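Student: Here you go, one structure.
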There are 2 protein chains.
Amino acid sequence: MLINELSKKTGITAHTIRYYERYGLIKGVRKNEIKSNKYYHYDDEVVEKLQLIRDAKSIGFTLSEIKQLLDAWFSKKFNVAKKVAVLDEKLISIDEKIKQLKEVKKLIAQFKREVEENDC
Amino acid sequence: MLINELSKKTGITAHTIRYYERYGLIKGVRKNEIKSNKYYHYDDEVVEKLQLIRDAKSIGFTLSEIKQLLDAWFSKKFNVAKKVAVLDEKLISIDEKIKQLKEVKKLIAQFKREVEENDC
DNA sequence: TACAACCTTAGACCCTACTCTAATGTTGCA
DNA sequence: TGCAACATTAGAGTAGGGTCTAAGGTTGTA
């Protein structure tokens with residue numbers, strides 16, 4: 001598929017997709033058999049990657065962290081041990097984020113009780 | 001206390017503290033009785049606010065969201081209902097973040113199992 | 001063949017959240 | 001009194017993550 005279709009499928013603008021491509025997160029291919037244009041073609045793996053990018057961004061991962069994750073996910077260059085190490089690292093950082101969220105939640109809930117009780 | 005002490009107490013640089021002050025998150029006061037300088041003085045409430053800023057930032061709140069939170073927390077201009085509304089909103093957004101984190105965690109854990117099992 | 005609707009690149013611009021510099025003034029201690 | 005260690009302001013610079021524009025080329029349908 002071309003960039004416009006990819007954009008519609010993922011809800012990510014063509015501009016941003018090109019930005020991600022320059023950043024090295026995804027890769028389109030030019031078809032050798034087509035000589036008349038320089039259009040990039042994207043497959044379903046790219047759709048998956050963009051969905052992962054969206055999800056990972058929403059929980060606060062940076063593009064550089066996401067790049068590591070995608071490499072562990074899709075790269076053939078990494079061996080099993082290396083991939084598992086990257087994934088484990090991300091799992092730990094997610095657990096830390098959850099822990100911090102719960103702490104702040106407790107803090108806010110506590111303050112809410114104070115506001116309600118003391119009318120302050 | 002002056003800015004340097006505040007910085008040491010909170011681990012936030014004086015530069016960043018001034019940035020937060022310009023942004024409207026905190027406020028120091030100049031003492032009328034001191035005419036020779038224009039130094040700002042900060043009290044313990046500012047220390048508390050900076051700690052909250054640090055915590056809220058760590059879980060991905062923007063400075064603009066943190067401003068709302070601080071207003072609900074410390075402002076005398078807001079009534080109880082308004083404060084509770086802001087706090088509830090933040091509690092909901094924390095729950096959403098936790099939910100998303102758990103989803104991505106599941107995704108990564110799932111993939112980890114695949115990598116381990118299939119040696120891919 | 002005209003025209004809308006695509007595609008490409010390079011590069012400028014924007015926002016957030018700092019981070020630093022320069023120029024200048026104040027304080028406290030030897 | 002000299003001087004290090006503070007304080008102030010305005011404003012410039014930076015990194016991350018987009019977002020947009022201009023200037024061009026291509027495709028498909030009427």
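Student: What is chain A's relative contact order, in percent, from Cα pairs under 8 angstrom and six or more apart in sequence?
Tutor: Details: 67 pairs, mean separation 20.3, N = 120.
Computed over chain A, the figure is 17 percent.
Student: Something else about it: Helix-only estimate, please: 222 nm mean residue ellipticity of chain A, summing -39500 (n - 2.57) across DSSP H runs of length 4 or more and dividing by its residues, to the nearest 500.
Tutor: The helix-only estimate for chain A comes to -23500 deg cm²/dmol at 222 nm.
Student: Here is the link list: A:83/A:106; A:57/B:76; A:106/B:67; A:82/B:8; B:8/B:77. Which ones come out longer than 29 Å on Cα distance? Mind dumping the intermediate values first?
Tutor: Details: A:83/A:106 35 Å; A:57/B:76 36 Å; A:106/B:67 19 Å; A:82/B:8 40 Å; B:8/B:77 31 Å.
Beyond 29 Å between Cα atoms: A:83/A:106; A:57/B:76; A:82/B:8; B:8/B:77.
Student: Considering only the other residues whose Cβ falls under 14 Å of the Cβ of residue A:66, what net charge follows from Lys and Arg at +1 and Asp and Glu at -1? Working shown, then result.
Tutor: Working: positive: A:49, A:54, A:57, A:67, A:90; negative: A:21, A:48, A:55, A:65, A:71, A:89.
Computed value for this residue: -1.
Student: Starting from segment A:43-112, pick out the trypsin sites (Lys or Arg not before Pro) whose DSSP state is loop and whose Cβ has at most 16 other Cβ atoms within 10 Å. Mind showing how you got there, number by number?
Tutor: Numbers: sites: A:49, A:54, A:57, A:67, A:76, A:77, A:82, A:83, A:90, A:97, A:99, A:102, A:105, A:106, A:112; in loops: A:76, A:77.
Answer by residue number: A:76, A:77.
Student: Ratio of the protein assembly as shown's C-alpha Rg to 2.2 N^0.38 Å, to two decimals?
Tutor: Taking the Cα Rg and dividing by 2.2 N^0.38 Å, one obtains 1.35.
Student: Given the convex hull of the Cα atoms of chain B, what is a quarter of its surface area in nm²?
Tutor: Numbers: hull surface 42.9 nm².
With the hull built on Cα positions only, its mean projection is 10.7 nm².
Student: Please list the helices of chain A that count as membrane-span-like by this rule: a mean Kyte-Doolittle hydropathy of at least -0.5 together with Cα atoms stretching 30 Å or more along the helix axis, each helix being a complete DSSP H run. Intermediate values should be presented prior to the final figure.
Tutor: On the way: long enough: A:80-118 (57 Å, -0.42).
What comes out of the filter, once short or polar helices are dropped, is A:80-118.
Student: Also, quick follow-up: Work through the residues other than residue A:40 whose Cβ is under 10 Å from its Cβ and net out their charges, Lys, Arg +1 and Asp, Glu -1. Walk me through the numbers on the way to the answer.
Tutor: Working: positive: A:18, A:27, A:30, A:31, A:38; negative: A:21.
Taking every other residue near residue A:40 into account, the sum is +4.
Quick note: the coordinates plus some simple rules give every number you see, no bench work behind them. The structure presented is a predicted model; accordingly, all values stated were derived computationally and were not measured. Methodologically, a virtual Cβ is constructed for each residue, glycine included, from the backbone with ideal geometry; neighbour enumeration extends over all protein chains shown.
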